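The values are calculated or read from the model by the stated rules, or taken from the named source; none is laboratory data. Bear in mind the structure is a predicted one, so any value in this text is a computation, not a measurement. Methodologically, a virtual Cβ is constructed for each residue, glycine included, from the backbone with ideal geometry; neighbour enumeration extends over all protein chains shown. Each accessible area value is taken on the protein alone, full model and side chains, heavy atoms only, with ligands, DNA and RNA left out. Shrake-Rupley method; radii C 1.70, N 1.55, O 1.52, S 1.80 Å.
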Amino acid sequence: MKRSILSLAVIATLGLSAQPGMAAPHASDAQQSAMLKHVTTQVTTQLPRTVRPSLYDLSLTPDAKAASFSAKLKISISVVEATQKITLNAHELKFQKVSLLDAKGKLIADDAAVTLDEAKQIASFDFGKKLAKGEYQLEIAYTGVIGQQAVGLFSLDYDTPDGKKRALYTQFENSDARRVIPSWDEPIYKARFNLELTVPTEQLAVSNMPVISKQDVGNGKTQIKFATSPKMSTYLLFMSVGDFERATVDADGTEVGVIAKRGSLDQARYALEQSKPILREFNDYFGVRYPLPKLDNIAAPGQSQFFSAMENWGAIFTFENSILIDPDFSTQGHKEGVFVTAAHETAHQWFGNLVTMQWWDDLWLNEGFASWMENRVMRRLHPEWEPEFNAIGVRESAMGRDALATTHPVVQHIETVEQASQAFDTITYQKGEAVIRMLENYVGEDAWRNGVRAYMKKHAYGSTVTKDFFTQIEKAAGKPIISIARDFTQQPGVPLIRVDDVVCKDGKSIVSLSQGEFSKDHPEKKALQWQVPVVAQVAGTNVVGRTLVSKGKGSLQLPACGAVVLNAGQNGYYRTLYSPKAMAQLTANFAAVPAIDQTGILSDNWAMGMAGQQSIAAYLDLAKATPENASMHVWSQIAGVFAGVHDLLKSDPVRQQAFREFALKRLKPQMNTVGWEAKSGEAESVAGYRSSLIALLSSIGDEATLAEVRRRYRLMDSDTSVAPPELKMLILSIVANHADAATWDALRARAQAEKSAMVKTSLYTLLATAKDPVLAKRALELALTDEPGVTTGASMIAIVAGEHTDMAFDFAIANLDKVNARVDGTSRSRYFPGLAKSALNLGMIDKLNAYAEAHLDASARREVETAITTIKYRIKVRQERVPVISAWLDQQK
């Protein structure tokens, strides 16, 4: 799943190839039974281990207009331990009849007694007698509901020239298959699926596997049967029905397709073009071929607060803003985003689908690896995009969360459905990715790939835990890694590597290192210990050294003297704190440091300064010393920090103006170099840099930039050249942020008139960015109407919260039922704390605690605790860091 935040293989080793209409090979029942027997840890939400499914035969008829469905289900099961009851997951389903048959289809018991526990999301079927071990068939007739948010089976409405239309989709991860199919809805219970849908004849039905038959059943309906799926977890099952179009290409014998609502297919062709080489690259990397006969990517209007795409096996689901390219609005950044999303979800076809974590404790085996693979395949297919710099942003995001007291290990204990939903977070995705990148760099790319291939072959169609993966990596690498990986995955936090001293002796740099822990809010805590792979380089040379810092100490020698850069290449997951002498030498030689390391050093220094582990002046001195011809990635990092510093100083207008002048002196030459107009032959990445500079200069109140934005806004409808696609939405966003009432009304009218569902959604969200509190209040009120769309309102409220935190939070609590109706059920325990995290007053903490006491179980309050910690940290920064920034500014006069 790609968050709003991206499995297959044995077939090649067997010398087989999947044919259209045929399921791929799967693990045997004996293999799955063995796996289940090895699962000894029983957590709160796990089902009894007495029954195991092997095949679901589902016949489902949706009624989109009535927002309901009816279904008949036959499950082939094995009773592995005599039991009186059969218990499985079910949520918001109504049962008409439940029967039990023997393996040959002979009726054993009719109309079981059904007991529902909606709180635990389970149903128990009692047939009045104890069932002996053996094979059975369970038949169930039932009905369910079609919702409006992305959980279970849901509908999305959208505008067309012929009026509103409705399409249906499913979203089952992490625990919502049970809303549509009574099932053993846990990752380890893999089974095959036969699906049959009865749908309007004129509509297209899509699932994981190809269609094998269609039959007209009258009344404008067609019964569609799909091929049997491979063995897979319930959360990977997918179905969709709507007025769709489909385009396909062949990739190594696999039919790769994109599916979009009618009239939007051309906008999905870029994703289709990119998906073909992505699949080929993964076929090669994993050493085994994608085993299903087809791989579709289905575009859907609207959005979710929880995710942007989902890796259903053979039928990826993606919201339009992460897959479609609108030639009038889409930027280079959008194109890269489409590529990343497609790469992430395609990687899941191996990491997650073919090999699945046993339980949500090891979710990172899915998400961390898919995130890492997206960056890796970008380096392979689009090195011109310089994805290595994206990796620094990933690491920074992870450390920002991991340095708080409320962090958690990458491998975390999950007990409830709500905790599983909350596990899709920055630690699972970004820290998981960053740790993988470091460990791959430690053992080497070839050894790592060989370990991945061995892991896939050994565990294909099975379920694993983290140790299973690193066991294969260690075997392939021939060097210890399990204990290092354990340090970074089973304990929380960020290592801090101190460069205590650098001594030049006999033409060598002798570097003394020690290890602590980087913390933003609990510096007094005793530091944990890690085994940390460290890479160092002498600035301006190719001299590189490596060591493993262990038990808190380490050292290395480099065969040259000069300024030493730690974490050279920026693959390590640790902060670096240089001694004053080492930092002074590095600052003096900063121009000789590679751009990737300049960016990393700046990021470390800013984080250290904000956390109070060194003076924030160290960062400002570096930014002041950065040469004008430094990489645009370096200047992008500086520009982002400058925006934050400008905001920190808003309570002191005099010093804010002084900082504005300093920032403009540093950044205006950059803007003058790139200019407003794209130059012939310029690198694709320059477009994003241009946009970031315009956004930054506008945010700090540069009148010249704001005047040019307004001029282009006035002319954009009559002269398209002033607002090319790369700048159009940026111009509109800056205008919306600074809007008066008349401008806000004009932007709303633009949103109302927009024909593209994807662009319409973007325009409505811009209305929520207004600085004017009166207009922000209007945006909140608009969010709870039908005008923006039921999936857009929650995003609008969240955007308002960025600038007007108390207003948005109070509004959401006052309209709790209406807001909940616009938020995915899986997102609610995160959504409301997210509204509060930008607050700068302790009163918000009381509001958050009151919300949690009233609406959240004690086991589901991690996000509330994190928001509270974040608020306290933000207040601390303003109290303790702003005086240091002010003193530095005073010294510049």
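General observations
- Asp647-Lys467 FRET efficiency (beta carbon distance; Förster radius 45 Å; 0.05 resolution): 0.50
- Estimated dipole of the range 176-265 in Debye, rounded to 20 [Cβ of Lys and Arg +1, of Asp and Glu -1, Cα centre]: 240 debye
- Whole-number D in µm²/s for the range 671-772 (Stokes-Einstein; Kirkwood sum over Cα pairs; 4 °C, 1.567 mPa s): 91 µm²/s
- Reachable aspartates and glutamates from Lys276, criterion Cα separation under 15 angstrom, eight or more residues apart if same chain: Asp250, Asp252, Glu255, Asp284, Asp296, Glu345, Glu374
- Positive-end ranking of Ser308, Ile638, Ala563 along the dipole of the chain, with charges on Cβ about the Cα centre, is headed by Ala563.
- Per-pair calculated FRET efficiency, R0 = 56 Å: Thr673 and Arg269 via Cβ, rounded to 0.05: 0.95
- Secondary-structure-derived ellipticity at 222 nm for the chain, considering helices only, amounts to -13000 deg cm²/dmol, per-run term -39500 (n - 2.57) for DSSP H runs with n ≥ 4.
- Semi-axis lengths, largest first, of the ellipsoid equivalent to the range 106-224 are 32, 19, 14 Å, with √(5λ) applied to each eigenvalue of the Cα gyration tensor.
- Taking all Cα-Cα distances within the chain, those exceeding 40 Å account for 40%.
- Size descriptors for the range 61-127 (Cα atoms only): Rg and Dmax, in that order, 13.7, 44 Å.
- Kirkwood-Stokes translational diffusion coefficient of the range 685-837, alpha-carbon pairs, 4 °C, 1.567 mPa s, µm²/s: 80 µm²/s
- Per residue, the average separation of C-alpha pairs within less than 8 Å and at least 6 apart gives the range 199-244 a relative contact order of 49 percent.
- Residues of the range 419-446 with an amide N closer than 15 Å to a point placed 7 Å from the Cα of Lys525 along the Cα-to-Cβ direction: 427.
- Dipole of the range 848-893, positive end: most advanced residue of Ile885, Ala854, Ile871 [Cβ charges, Cα centre]: Ile885
- Put simply, the convex hull of the Cα atoms in the range 321-377 casts, on average, a shadow of 4.3 nm².
- Charge dipole (Cα centre; +1 on Lys/Arg Cβ, -1 on Asp/Glu Cβ; no other charges) of the range 677-794 amounts to roughly 100 debye.
- Percentage relative contact order, the range 465-558, counting C-alpha pairs under 8 Å, at least six apart: 23 percent
- Other residues whose C-beta falls under 12 angstrom from the C-beta of Ser603 contribute a net charge of -1, scoring Lys and Arg +1 and Asp and Glu -1.
- Comparing Cα centroids, the range 467-498 and the range 364-411 end up 17 angstrom apart.
- Sites Thr143 and Gln223 - FRET efficiency at Förster radius 22 Å, r taken between beta-carbons, to 0.05: 0.75
- Space enclosed by the convex hull of the alpha-carbon atoms of the range 767-891, per residue, Å³: 112 Å³
- The chain, dipole about Cα centre (Lys/Arg Cβ +1, Asp/Glu Cβ -1), debye to the nearest 20: 1340 debye
- Extension gain from Ala103 to Ser579, taking 0.36 nm per residue of separation minus the Cα-Cα distance: 164.1 nm
- Greater than 20 Å apart at Cα, pairs in Lys771/Lys893; Lys74/Lys294; Lys2/Lys164; Lys165/Lys760; Lys2/Lys771; Lys520/Lys872: Lys771/Lys893; Lys74/Lys294; Lys2/Lys164; Lys2/Lys771
- Each Cα pair under 8 Å and six or more residues apart adds its separation to the average, and for the range 126-284 the resulting relative contact order is 17 percent.
- Hydrodynamic estimate: the Kirkwood radius of the range 565-717 over Cα pairs, inserted into Stokes-Einstein at 10 °C and 1.306 mPa s, corresponds to D of 95 µm²/s.
- Overall size of the range 571-629 from C-alpha positions, given as principal axis extents largest first: 30, 25, 19 Å.
- Candidate residues Phe662, Phe642: accessible-area rank, largest first, probe 1.4 Å: Phe662, Phe642
- Solvent-accessible heavy-atom area per residue, rounded to whole Å², over the chain at 1.4 Å: 37 Å²
- Our coupling estimate for the range 46-52, obtained by passing each phi through the Karplus curve with A = 6.51, B = -1.76, C = 1.60 and θ = phi - 60°, is 6, 7, x, 8, 7, 9, 9 Hz, Gly and Pro reported as x.
- Debye intensity ratio in log₁₀ form over the Cα atoms of the range 292-363, taken at each q of 0.12, 0.25, 0.28 Å⁻¹: -0.36, -1.16, -1.28
- Rg to Rh quotient for the range 492-567, alpha carbon positions, Kirkwood Rh: 1.03
- Across q = 0.10, 0.13, 0.15 Å⁻¹, the range 245-337 modelled as identical point scatterers on its alpha-carbon atoms has Debye log10 I(q)/I(0) values of -0.26, -0.43, -0.57, in the order of the q list.
- Carbon-plus-sulfur accessible fraction, the chain (probe radius 1.4 Å, protein heavy atoms only): 50%.
- Debye log10 I(q)/I(0) for the range 456-595, one point scatterer per Cα, at q = 0.19, 0.22 Å⁻¹: -1.10, -1.30
- For the range 494-511, Karplus couplings with θ = phi - 60° (6.51, -1.76, 1.60), whole Hz, Gly/Pro x: 10, x, 10, 9, 9, 8, 6, 6, 10, 10, 8, 9, 6, x, 10, 9, 9, 10
- For Ile212, distant residues with modelled amide H under 5 Å away: Lys225, Phe226, Ala227
- Packing rank of 548-558, 581-591, where each peptide gets the mean count of other beta carbons within 10 Å, highest leading: 581-591, 548-558
- Per-residue Karplus couplings for the range 743-754, computed as 6.51 cos²θ - 1.76 cosθ + 1.60 with θ equal to phi - 60°, are listed in order as 5, 4, 5, 5, 5, 5, 4, 4, 5, 4, 7, 5 Hz, Gly and Pro entered as x.
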